[in-house]
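The values are calculated or read from the model by the stated rules, or taken from the named source; none is laboratory data. None of these values were measured; they are calculated from a predicted model. We place every Cβ from the backbone using ideal geometry, glycine too, and count neighbours over all the protein chains shown.
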Amino acid sequence: AINDVVFFGLSNPGQYAPLPASSFYKEEWGAYYADYDVKRANIRLDVMGLKWDSEHVYRLRPDGETLEILLESGHGSEQEATMGEMLTEQWKKIGVKLAVRTEKATHERIIGDECELFTTVPRSRGWVDVAIASLEPYFWGLGEGWNKWLTTDGKEGVEPPAEWKEVKKWVDEVTKLCPGTEEWISLKQKIWDVRTEQLWIIGIVGQAPLFHLVKNYVRNVAEEGLFGWSTAMDIAYRPQQWFIKK
C-alpha cells in the first residue's frame, strides 16, 4: 500500500538490503520478514506475551502500560509524513500504538547520535560493489548511541550488542580486500547475513526511482543510471563534462 500511495507503485517492496545488482547479493535478504501479514505478526506478539488491553485496542507492555512507539522522521518530507500516517494504521492492527513526529530538527539529532531517539526513519541511497564516495554506512549513528560509543572508545554513547561488534570487525576486514574477489564476496555476505537476521533496520520499499530535471540545452547528461552515496551522487556521471548548447 505504501508503495502505491507514496511511490506511485514504482518502487519494490522489500527489506533493507544491498541493491540486487551487487555481486554479493542474496535474494533472501530482500524478502526477509518483508511480507505484510497481520495474522503472522499478531501470533508473534502473542508468543512474546504482549497481551491486549481490556478493550482489545492496543497491546500492553510487561509493566501494564500501553505499548507505544515514537517514530521520529528527520527529513520533514510530505512523503515521510504520509508513510507515518499509513504505518500508524497498519501497526494499530497488531495492537501497537505508533506516534509519529516529522520535523527537520530530528535529522540533526540523528547525526549527533545522542541516544535521544527511540526509532527513526533512515534512508539508504543503495550500495553496490564499489562505493567511490565513502565507506559503507554500517556504523553511522541512527540515534541509538552505538556509533558514539565506537568513535569515543566507549567513553560516551551506548555499548552495542556483541553481534554489532562482530560485524564491525568484518567491515574493517572487508575494506582492505579487493572488491569482487571470492574472499570479499564471502565476507560481504557474512556481514549482510547477520544484518538481515538482526533486523536493526526494518525495510519498507527500495529501488525508488529519482527524477532529475535537465534543461534541453544542457548536453552530455546521462539519461539513466544509479544515484546515491555509491556513485558520489552525480560525480560518477562527470558533470565537469556537461555543457550548454543553445
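Right, Gly30: small (Gly, Ala, Ser) and modelled with pLDDT under 90 or not? Quick ask: steps written out before the conclusion?
Values: small (Gly, Ala, Ser): yes; modelled with pLDDT under 90: no.
Here the answer is no, as Gly30 does not meet what is asked.
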Close pairs from segment 85-103: first assigned to a loop (DSSP other than H, G, I, E, B), partner surrounded by fewer than 15 Cβ atoms within 10 Å (Cβ to Cβ), Cβ under 7 Å, at least 6 apart: Lys93/Val38; Ile94/Val38; Val96/Ile69; Glu103/Gly76
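Go through segment 174-190 and give me each residue that's assigned to a loop (DSSP other than H, G, I, E, B) and touching a residue at least 24 places away in the same chain (Cβ under 8 Å). Walk me through how you get there before you give the answer.
To start, the set of residues in segment 174-190 that are assigned to a loop (DSSP other than H, G, I, E, B) comprises 175-181.
Thr175, Pro179, Gly180, listed by residue number.
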Taking the conditions exactly as written (modelled with pLDDT under 90 and within 21 Å of Pro20 (Cβ to Cβ)), does Pro209 satisfy them or not? yes
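Quickly run through segment 47-91 and pick out the residues that are within 22 Å of the chain's Cα centre (by Cα) and charged (D, E, K, R). Write out each step before concluding.
First pass over segment 47-91, keeping only residues within 22 Å of the chain's Cα centre (by Cα): 68-91.
Glu68, Glu72, Glu78, Glu80, Glu85, Glu89, listed by residue number.
Which members of segment 56-84 meet the condition of being outside any loop (DSSP other than H, G, I, E, B) and hydroxyl-bearing (Ser, Thr, Tyr)? Please lay out each step first, then the result.
Here is the first cut: in segment 56-84, the ones outside any loop (DSSP other than H, G, I, E, B) are 59-60, 66, 68-73, 78-84.
If the condition is that a residue be outside any loop (DSSP other than H, G, I, E, B) and hydroxyl-bearing (Ser, Thr, Tyr), then Thr66, Ser73, Thr82 are the ones that fit.
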Of all the residues that make up segment 191-211, how many are in a loop (DSSP other than H, G, I, E, B) and either more than 9 Å from the chain's Cα centre (by Cα) or among the hydrophobic types (A, V, I, L, M, F, W, C) (or both)? 10
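Quick check: is even one residue across segment 226-245 assigned to a loop (DSSP other than H, G, I, E, B) and at pLDDT 90 or above? It would help to see each step written out before you state the result.
Going through segment 226-245, the residues assigned to a loop (DSSP other than H, G, I, E, B) turn out to be 226-228, 232-234, 238, 242, 245.
From what's left, at pLDDT 90 or above: 245.
Scanning segment 226-245, I find at least one residue that is assigned to a loop (DSSP other than H, G, I, E, B) and at pLDDT 90 or above, so the answer is yes.
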Can you find a residue in segment 94-117 that is modelled with pLDDT of 95 or more, on the phi > 0 side of the Ramachandran plot and in contact with a Lys or Arg (Cβ under 6 Å, 6 or more places away or on another chain)? yes
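If you go through segment 148-173 one residue at a time, how many are of a type in the set (Lys, Arg) and either touching a residue at least 12 places away in the same chain (Cβ under 8 Å) or part of a loop (DSSP other than H, G, I, E, B) (or both)? Let's see the steps before the verdict.
Pass one, segment 148-173, residues of a type in the set (Lys, Arg): 148, 155, 165, 168-169.
Then drop every residue that is not either touching a residue at least 12 places away in the same chain (Cβ under 8 Å) or part of a loop (DSSP other than H, G, I, E, B) (or both), which leaves 148, 155, 168.
Residues meeting the conditions: 3.
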